[in-house]
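Q: Attaching a single structure in structure tokens format; questions to follow.
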């Protein structure tokens, strides 16, 4: 199915591949069966007695689970801002209007260029975030390399209006999936580190052989 998705994406675009393959129930079930079968196989083989190896595989399960949670519960879309106007709504990818628990006001938008050229190097939006829940107003800068993260929402600089008085932000709301995925990556890093020092691992055996060879010489 992944091979088919690659062909579909090349011929018809990413959105078509997502809808036909990656977000299809069959594909999700296959991933779930593969992940569960892998964990059961690890337990059956006694890999659980080797924590680094066991959690190395569990980290991949968490990463897959995070992706699934993102697909099922995450939302994404676009938000249009005009200078001076306070906005608390954005449009999801499905075309539905979504309300934010806070509001954004575009204070300034500008384009920065590479020195000595007319090629843009960055798009920068300065916004004021107003949160009535705690009666605060905070100024943030959103650019191509600087994401605004607040209350489970992420705002990315996406586009702008031709008159430079408006900015378009990509919005992502995924409070659960991101945390699970990051936990999986952290566990992956720790497991890889622990794997090199696990008893009877290939790494430790190689070190022992080098030491014995050195003592022989």
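The values are calculated or read from the model by the stated rules, or taken from the named source; none is laboratory data. Note that this is a predicted model, so its numbers are computed, not measured. No Cβ is skipped: glycine too gets one built from the backbone with ideal geometry, and neighbour counts run over all protein chains shown.
Q: Of the residues 65, 35, 52, 17, only one is under 30 Å from residue 154 (Cα atoms) and in contact (Cβ under 8 Å) with a residue 60 or more places away in the chain; which?
A: Working: 35 fails: in contact (Cβ under 8 Å) with a residue 60 or more places away in the chain; 52 fails: under 30 Å from residue 154 (Cα atoms); 17 fails: in contact (Cβ under 8 Å) with a residue 60 or more places away in the chain.
Exactly one residue qualifies, and that residue is 65.
Q: Only one of (1) in a strand (DSSP E or B); (2) free of Cβ contacts under 8 Å to residues at least 40 places away in the same chain; (3) surrounded by 11 or more Cβ atoms within 10 Å (Cβ to Cβ) is not met by residue 99, so which one is it?
A: (3)
Q: Then there is this: Which ones in the stretch 148-191 are surrounded by fewer than 18 Cβ atoms within 10 Å (Cβ to Cβ), in a loop (DSSP other than H, G, I, E, B) and within 12 Å of the chain's Cα centre (by Cα)?
A: 175, 176, listed by residue number.
Q: Then there is this: Taking only the stretch 114-143 into account, find how many residues are touching a residue at least 24 places away in the same chain (Cβ under 8 Å), under 18 Å from residue 85 (Cβ atoms) and over 26 Å from the mean Cα position of the chain (by Cα).
A: Of the residues in that region, 1 qualify.
Q: So residue 77 ticks every box in (1) modelled with pLDDT of 90 or more; (2) farther than 30 Å from residue 105 by Cβ; (3) crowded, with 16+ Cβ neighbours inside 10 Å but one. Which box is left unticked?
A: Every condition holds for residue 77 apart from (2).
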